[in-house]
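Undergrad: Before I ask anything, here is the structure I am working with.
The values are calculated or read from the model by the stated rules, or taken from the named source; none is laboratory data. Computed from a predicted structure; not experimentally measured. Cβ: placed from backbone, ideal geometry, glycine included. Neighbour counts: every protein chain shown.
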Amino acid sequence: MDNLVQATDRAIQRIQILLSDEQQDASGVRLGVKGGGCSGLAYIMEFDHQDDGDLLVEQGGVHFFMDRKSSIYLKGIVLDFDGDLGGKGFIFTNPNASSTCGCGESFSI
């Protein structure tokens, strides 16, 4: 499952900061896909716990959880973080996407 999701060092560092600051008792980050957005599918990224049936990827001490349906669309994704002035925050680079909207938050297959 290690090739399911890759997170850059910048993304891992930012997630670790957010998890330590988070008021909720979260054990990791849920990555997923839902219908919507301007290109048909939108990314989900939220603090959560592992559910039964979730796939688990651990990288840099961060646990990423994905339901099996979302993992089909997220396989091979690279998660990065751009926190510079004018940066976009978390950036998804998805090799499965045939098109991505200008904001980078939705895609189509």
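Undergrad: Of all residues being closer than 17 Å to Ser70 by Cβ and not polar (S, T, N, Q) in segment 3-20, which is surrounded by the most Cβ atoms within 10 Å (Cβ to Cβ)? Just the residue, please.
TA: Ranking the candidates gives Ala7 first.
Undergrad: Related question: Can you give me the number of residues within segment 2-35 that are within 14 Å of Tyr73 (Cα to Cα) and modelled with pLDDT under 90?
TA: Total satisfying the criteria: 6.
Undergrad: Turning to a different aspect of this structure: Tell me which residues, restricted to segment 81-90, are at pLDDT below 85 and within 12 Å of Arg14 (Cα to Cα).
TA: Gly83
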